[in-house]
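The values are calculated or read from the model by the stated rules, or taken from the named source; none is laboratory data. Please read all numbers here as calculations on a predicted model, not as lab measurements. Heads up, the Cβs are rebuilt from the backbone with ideal geometry, glycines too, and the neighbour counts pull from every protein chain shown.
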Amino acid sequence: MIPFQLQRMGTIMEPEPGNELEIEGVLNPAATRGPDGSLYLFPRLVAKDNYSRIGIARVKFNEAGDPVGVERLGIALQPEAEYEKRHGGRGGCEDARVTYVKPLQYYVMTYTAFGPDGPRIAVASSKDLFNWERLGLVKYLSYKHIDFNGINNKDASVFSVAIPSPHGHPSIGMLHRPLFPGTTPEEIVKHEDHEIDSHKESIWISYYNLGEDATIQYAKFTSNHRLALPVEPWENLKIGAGAPPLLTKHGWLVVYHGVHELEGSTAEKPKLCYSAGVMILSEKDPQTILYRSPDPVLIPELPAETIGTIANVVFPTGIDRRDDIGQPNRIDVYYGMADDRIGVAKMEIPDILPIII
């Protein structure tokens, strides 16, 4: 059996009939426990012309403690800031991740703001999950010749506690996935001689030194480092951070996504597959990868995952440790299904971290 294997529990949310805000899909939710102990999702709600908002919903559980549905509670964010709006009334607040960051004592939402310059990482904060304050676009110091501020970026999430930067400073750590020109899966499959670049196809980790200022509103993330690049065949076109890092007995659990090309794919009509994998990062030195699943822990198999707005996609974005039912080794993962609806699956944290030979 594959360690950390995800076991499906079903579809948790799908477009509501007659709801114009969801006519093109419900997908890629953040997941976090609220001050009241309830589990809340922040799904991407897609209206006509790919106009995206971030909703809020409360998860409903059965007597066994398994998630079985949601109660819609409204909208958390919709395009209002200039960096979220596009020409012709379009725009997007997309693919949120939400983490309660203990040093800051509030929730941090990282999300993709699809504005005039393309997708960028934006941040908002909240004390209660219902009232959100925009903190603006994430800012970076340059890394060698790379200016992340001018590059498309997605799939950002932050750590829940302060972690040491490479210089030993207590910092807020953030995972993100810069989208350098020419490195989308659709672009890569057009070039048979494409070789992986150690910087460009990677998940990155960046740090903001907390210092005396416990806010990230005007911060610049520094100490930018490549965390991981594609290695295995199932992820050889692209990898990206998925659900926010979750601290376990083995270290930081990161459920991420990888993309590969399917049989029958062509440069003109690429057929891609998005699967989920697992990394364990060192608790004290998150740049060190202690374990990485050689095979995916979840692949598109169900009709709802293989047929949809974008076929053959499982895309993990939300994570919940089940301390609430006395099962701290059980992890529930919420994921997008074919960019159309939301599924949930569970895994068990093994007693011993597997050894990769």
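Assorted remarks:
- If you go through region 59-116 and pick out every residue that is part of a helix (DSSP H, G or I), within 21 Å of the chain's Cα centre (by Cα) and on the phi > 0 side of the Ramachandran plot, you end up with 0.
- LYS284 satisfies every condition listed in (1) at pLDDT 95 or above; (2) more than 19 Å from HIS176 (Cβ to Cβ); (3) not aliphatic (A, V, I, L, M) except (1).
- Among the residues making up region 62-99, those that are under 30 Å from GLN327 (Cβ atoms) and surrounded by fewer than 17 Cβ atoms within 10 Å (Cβ to Cβ) are ASN62, GLU63, ALA64, GLY65, ASP66, VAL68, GLY69, GLU71, LEU73.
- Filter pass, SER171 being touching a strand residue (DSSP E or B) at 6+ places or on another chain (Cβ under 8 Å), polar (S, T, N, Q) and at pLDDT below 95: yes
- Top-ranked residue in region 209-257 [being of a type in the set (Ser, Thr, Tyr) and either under 18 Å from the mean Cα position of the chain (by Cα) or at pLDDT 90 or above (or both); ranked as nearest to VAL158 (Cα to Cα)]: TYR256
- Within region 119-161, the set of residues being over 20 Å from LEU210 (Cα atoms) and touching a residue at least 60 places away in the same chain (Cβ under 8 Å) comprises PRO119, ASP128, LEU129, PHE130, ILE146, PHE148, LYS154, ASP155.
- Of ASP324, ASP285, ASP295, all but one fail to be touching a residue at least 12 places away in the same chain (Cβ under 8 Å), outside any loop (DSSP other than H, G, I, E, B) and out of contact with any strand residue (DSSP E or B) (no Cβ under 6 Å at 6 or more places or on another chain); the exception is ASP324.
- Qualifying residue in region 41-52 (condition: surrounded by fewer than 17 Cβ atoms within 10 Å (Cβ to Cβ) and in contact with a Ser or Thr (Cβ under 7 Å, 6 or more places away or on another chain)): no
- The residue that is surrounded by the most Cβ atoms within 10 Å (Cβ to Cβ), among those in region 235-249 that are farther than 16 Å from ASP295 by Cβ and hydrophobic (A, V, I, L, M, F, W, C), is ALA241.
- All of (1) in contact with a His (Cβ under 6 Å, 6 or more places away or on another chain); (2) at pLDDT 95 or above hold for HIS176 with one exception: (1).
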